[in-house]
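The values are calculated or read from the model by the stated rules, or taken from the named source; none is laboratory data. Note that this is a predicted model, so its numbers are computed, not measured. Because the Cβ atoms are built from the backbone with ideal geometry, glycine has one as well, and the counts that use them run over all protein chains shown. Remember, those area values only see protein heavy atoms, side chains included, never the ligands or the DNA or RNA. Shrake-Rupley method; radii C 1.70, N 1.55, O 1.52, S 1.80 Å.
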Amino acid sequence: CFSCGKTIPWYLNIPVLSWLILRGRCANCKAPISVRYPVIEAVTALLFLLVFQMWANPHALLLNAIPGQVPALILFYWIFVASVVVDVMIDIDHRILLDRISLGGTLIALAVSAAFPILHHAPSWWPALLASLGGAAAGFGAGFAIAWLGERIFLQDAFGFGDVKWLMLFGAIFGWRGALFILMFAAFIGLAMGLVAIAVAKFRRTAADDDGAPFAIPFGPALGAAALLWLFWGNLLVDGLFAAHAWAFAHRTAVLAG
């Protein structure tokens, strides 16, 4: 407990259930426990269920199927979604993304890619490992290029190096296409988050910090959300994007005239 310092025993630390039974208070000192804990636990449980559905019945929710329907990959994706939740919450609170997740996760992703070539639709371990390495390089390269250009254009950090390393992890898991699409999706998600945050800040008349620093929000939540969207519905999103592009091209005359 952050209030009294007492270690919470396992039987009072059961996700969601313990918080409800204790009515959101510490069993020892009765201090309130934030509702964010059961909410995060419930969200994580929902993500775990979606991963399982990717194997058990992906068509029910239009989910991507587990590659090759290999049950062992369920555990790998469970670890991945849990790490995304952890990194997003840490980025919100402290504006950092953990290297132990990004770098350690990349090494694990490379090993899993070699052990399960179906993860990259490859015939054997060597092409799968190359695909994973290529995806990691693409994610890192794209992120580094944006960070480098942003720093020179805006004369300040526009894209954190933690984001760059996280993109490397996404590329190692999903390949170069996944890394680039995640970056694109994250840009739109981040734009929407930024507009909402600016509107809320203006409403509260706190658009800048007390020292006059410009308003800023972390990009990690947008990257994490985009990575989860790609994991669960990447194929659907790509199909929809290309379908919209084909429709716009076929009706380009009417669109431009309108």
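Counting only protein heavy atoms and using a 1.4 Å probe, what share of the accessible area of the stretch 35-171 belongs to carbon plus sulfur, as a whole percent?
74
Listed highest first by mean packing, meaning other Cβ atoms within 10 Å per residue, what order do 73-79, 39-45, 179-185, 57-63 come in?
Order by mean packing, descending: 179-185, 73-79, 39-45, 57-63.
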What percentage of all Cα-Cα pairs in the stretch 1-64 are separated by more than 16 Å?
54
With the stretch 80-199 reduced to its Cα atoms and the Debye formula applied, log10 I(q)/I(0) at q = 0.10, 0.16, 0.17 1/Å amounts to -0.32, -0.77, -0.86
Quick one: grab Rg to one decimal and Dmax as a whole number for the stretch 142-183, Cα atoms only, in Å.
10.7, 32
To the nearest 20 debye, the stretch 10-148 has a Cα-centred charge dipole, built from +1 on Lys and Arg Cβ and -1 on Asp and Glu Cβ, of 420
Expressed to two decimals, the stretch 56-131 has a Cα Rg over Rh, using the Kirkwood radius, of 1.05
Over all alpha-carbon pairs in the stretch 7-103, figure out the percentage whose distance exceeds 15 Å.
69
Please work out the average accessible area per residue across the stretch 1-61, using the 1.4 Å probe convention, and give it in Å².
72
Above 33 Å lies some portion of the pair distances; for the chain, what is it as a whole percent of all C-alpha pairs?
33
